[in-house]
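Worksheet: one structure, shown below.
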Amino acid sequence: MVALNVLGLLAVLLTDTAFSWMRMFVALGISVLISLAVGIYAATSERAGRIILPVIDIFQTIPIVTFFPFVILIFIGFLPGVIGINAAVVFLIITSMIWNIIFGVYEAIKAMPKEFADLARLYGLSKWQKLSKVYVPVSMPRVVEQSVLSWAIGLFYLVTSEIFSAGNTAYQVKNGIGVELTGLALSGNTFGYLLGIGIFILFVIATRLLFFKPLEDYVVRYTKQGVSQGRISTRRRIYGRVMQLRLFRYLQSNKKAFTAYLVRKGGAGRGVKWRVAKVEKKTQKRGAAYYIILAALAVIILYGIFRANLAADEYSVFVALLYSFGRVWLAFIVSLAIAIPVCVYVIFLTKKSSFYLLLFQIIASIPSTILLPEIVALMRGYAYGSELIAFIVFVLSGVWYLIFSTMHVAKSMPNNVLEVKNTFGVRGVVAWKKIYIMVILPGLITGSITAIGAEWNASIVAENFQNVHVGSGIGKFLDMTIASPGFRMSLSNHYLLLMLLALLNIIIMILLINTLVWKRLYSRVARIYG
Amino acid sequence: MDSLMHIIEVRNVSFSFEGVAAKVIDNVSFHADRGEFVSVIGPSGCGKSTLLRIIAGLIRQERGKVIHLGDEIEGPVKGISFVFQDFALLPWLTNIENVKLGCSMLDISETERMRKALMELEDVGLSGFENSYPNVLSGGMKQRVGIARALVSDPDVLLMDEPFSSLDELTAEILRKDILYILKSKDLPVSSVIMITHNVEEAVELSDKIVILSHKPSRVKRVIGVDMKHPRNKHSRPFMKTVDEIYATLTK
């Protein structure tokens, strides 16, 4: 009897996970197609790029999960029951996984040897030939690389949206691992929950090894040298230059070693400076569009406040925002404290970095929200338990972005950095200051932007979850707004406006911090390194 | 009339990069006639490659004209082909597909395309490598594919942008010897070749005419005719004399 129950549960969990995975594959397929179209268009048309890039930049950093209730309302409005809710979930996953793939395509085409574009013009390739023979293949390595990342992000949203909707009978997703796990955890069935997690992890590993690994192996050919040996990717060249500059400064204190290094290196890549200058000019242009969009959003908000006359509610939006802000940044600092030593160890101190990278990718594919139901079940009755739950989920959501971004950028570190470090026996504090931190800094900064975005996402979910009772917070606020009886009566009602106000507030705040803190920090680092 | 017409005429061409006041190319004129192998030589970074891309119609000049058989060049045209310094083979296409790319502009059937590409690949000495990918080839072989791709459309002008400078000296030497033979053995011979180089010996070994450019901005310093029989002996007196003359002009 018991065995039969376990078997039944296993069957249910397997089908549910399969359903979840189907949604994922549909979303990934659509994402890749759209990304290719948009990325290629943005990279080949200067004017289109100037508009598309800042918009994508913004979408990439805002917590899209906040739109989920909206999306569900809209989709259910147009499509009947099951189709509508599934379309909404797939749509949500797409909006989470698509942005980095678009950027990948864009960057791949921008970094493509300019001879390829010359070639296409010289031999008069048709539009279709250009796409199929040049632009699409040249993008494939980045598409695959970014898809791996997108898969992990997508899983987060998949599970999150399933969990999100689990408690709400009005728009429940049927057949999804997230729904099942929430049910099991909240009903106290720890065995079933663990079994579910186990199956989930198995699916994650299988997808990584049976789907993405072969793809990665296949596109390796696309990156192999079809051009002369001397040509390395721009990023690697800039990076090589950076490392050389840093090392030069350090080595100048040891003249003999310095000369030896110079002799070995010969002439360093010419023309790199010019490229960097051009990149900076581009970002300035992007900056302008950024401010325009910010201003537009601000106008919408002011208009909203004016229209609705929401003095009291608006005040509570700001308090909620302040609470979430505190949690997010505290969680961010803790994430940094975890990510930095982990990255330094994996990049510099161990020989098994590729093993760790794969391990991290698999662990990171397990969305922190999947643990949420169980954490909630475990923390029942503890003082400040809710705050702790929120905090744990925040850290788990953010820390991987820091680690992956850092490791990704460090991958383009020239081999001779390690050689120089070993040859001259650079160790201890000097190694940390002159090499480790310097190598991981650019990646750490880009990772920080996405990490904080992810932590905001987590704040919406974690504060929103049943039985989590944080003092105040933006997720809580949204939850209460949705839960209020007047909500969902019509699309133009008071509550909807209130929600919109909250969302726009988050977006504005994130964008402000991006432009004021991260972009500046990044351009400063880029200047030193360039 | 036709015999008087230059195959390629570069007339008073000037060029500067966007946002940079100083000219890169300043009032450059020269021409290539039927059967002529012209080398354009100058210090690195003097805008030689830009000049070649202007002739190919890939970059638009600021002032002046490029005339191909009486027609002004306004974009890439059928009769002009290009060999790249870094080969520029598409790594995801097989060698034969890379070569076939070269006749995209020709209005011929797929089988004809295939036949031409196979023949061209054989001419450059690479039969047997049709279905492998560029990454299994050595640098010299890659450039042979690049040359086959450029010649498969039977162009009347072949532009070469430092075609040997990405190769090691030994490989370059062999390919230099072969290229004249490959060009000559074609059924429809190439009328003119314009090659960019910074290697003086290479220019003297291959060319009928050498255009020497100055540095920043590029101006024509001097045009030297080379009238020696092929194959040329690098240690012969006229060869060494021409080389010395070019060095003297370049460093003046």
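The values are calculated or read from the model by the stated rules, or taken from the named source; none is laboratory data. This one's a predicted model, so the numbers in the text were calculated from it and none came from an experiment. Here Cβ is always computed from backbone atoms with ideal geometry, including for glycine, and neighbour counts include all displayed protein chains.
Odds and ends about this structure:
- B:LYS184 being more than 19 Å from the chain's Cα centre (by Cα) and among the charged types (D, E, K, R): no
- Scanning the range B:76-94 for residues that are surrounded by fewer than 21 Cβ atoms within 10 Å (Cβ to Cβ) and farther than 17 Å from B:LEU58 by Cβ, we see that the one that is farthest from the other protein chains (Cβ to nearest Cβ) is B:THR94.
- You will find that of B:ILE224, B:ILE246, the residue that is closer than 26 Å to B:ARG11 by Cα and either in contact (Cβ under 8 Å) with a residue 40 or more places away in the chain or part of a helix (DSSP H, G or I) (or both) is B:ILE246 and no other.
- Any hit, the range B:135-152, residues being surrounded by fewer than 23 Cβ atoms within 10 Å (Cβ to Cβ), more than 18 Å from B:ASP178 (Cβ to Cβ) and within 13 Å of chain A (Cβ to nearest Cβ): yes
- Filtering B:LEU151, B:LEU158 for residues that are closer than 22 Å to B:GLU9 by Cβ and touching a residue at least 60 places away in the same chain (Cβ under 8 Å) leaves a single hit, B:LEU158.
- A:THR190 vs. criteria more than 14 Å from chain B (Cβ to nearest Cβ), modelled with pLDDT of 50 or more and buried (at least 17 other Cβ atoms within 10 Å of the Cβ): no
- Residue within the range B:61-75 that is within 13 Å of another protein chain (Cβ to nearest Cβ) and surrounded by fewer than 19 Cβ atoms within 10 Å (Cβ to Cβ) present: yes
- Condition broken by B:LYS184, with the remaining ones in (1) of a type in the set (Lys, Arg); (2) modelled with pLDDT of 85 or more; (3) more than 18 Å from B:ASP86 (Cβ to Cβ) satisfied: (2)
- For the range A:119-131, the set of residues classified as facing chain B (nearest Cβ under 7 Å) and surrounded by fewer than 18 Cβ atoms within 10 Å (Cβ to Cβ) consists of A:ARG121, A:GLY124, A:GLN129, listed by residue number.
- Residue check, B:PHE37 at the interface with chain A (Cβ under 9 Å from one of its Cβ atoms), closer than 20 Å to B:SER165 by Cα and touching a helix residue (DSSP H, G or I) at 6+ places or on another chain (Cβ under 7 Å): no
- Residues in the range A:19-64 that are at pLDDT 85 or above, under 16 Å from the mean Cα position of the chain (by Cα) and hydroxyl-bearing (Ser, Thr, Tyr): A:SER31, A:SER35.
- Looking across the range A:1-41, the residues that are crowded, with 21+ Cβ neighbours inside 10 Å and either among the small types (Gly, Ala, Ser) or not assigned by TED's automatic domain parsing to the domain that holds A:ASN175 (or both) come down to A:SER20, A:ALA27, A:SER31, A:SER35, A:GLY39.
- Only one entry in B:VAL211, B:VAL226 is more than 29 Å from A:TYR123 (Cβ to Cβ) and either buried (at least 18 other Cβ atoms within 10 Å of the Cβ) or among the polar types (S, T, N, Q) (or both), namely B:VAL226.
- Test: residue in the range B:42-54 that is more than 14 Å from every other protein chain (Cβ to nearest Cβ) and among the hydroxyl-bearing types (Ser, Thr, Tyr): no
- The set of residues from the range B:117-148 being within 20 Å of B:ILE174 (Cα to Cα), of a type in the set (S, T, N, Q) and without any contact (Cβ under 8 Å) to a residue 40 or more places away in the chain comprises B:SER127, B:SER138.
- Test for B:ASP168: is it within 13 Å of chain A (Cβ to nearest Cβ), under 18 Å from B:GLU202 (Cβ atoms) and surrounded by fewer than 16 Cβ atoms within 10 Å (Cβ to Cβ): yes
- Pairing residues of the range B:95-116 that are more than 8 Å from every other protein chain (Cβ to nearest Cβ) with residues that are among the acidic types (Asp, Glu) and assigned to a helix (DSSP H, G or I), at Cβ distances under 7 Å and at least 6 apart in sequence or on separate chains, gives B:VAL99/B:GLU120.
- Within the range B:65-90, residues that are over 15 Å from B:HIS31 (Cα atoms) sit with their Cβ atoms under 7 Å from residues that are surrounded by fewer than 20 Cβ atoms within 10 Å (Cβ to Cβ) and of a type in the set (Lys, Arg), at 6+ positions apart or across chains, in these pairs: B:PRO76/A:ARG121; B:ASP86/A:ARG231.
- Test: A:PHE116 is of a type outside the set (Val, Ile, Thr) and away from chain B (no Cβ under 12 Å): no
- Verdict on B:ALA32 being without any contact (Cβ under 8 Å) to a residue 24 or more places away in the chain and out of contact with any Pro (no Cβ under 8 Å at 6 or more places or on another chain): no
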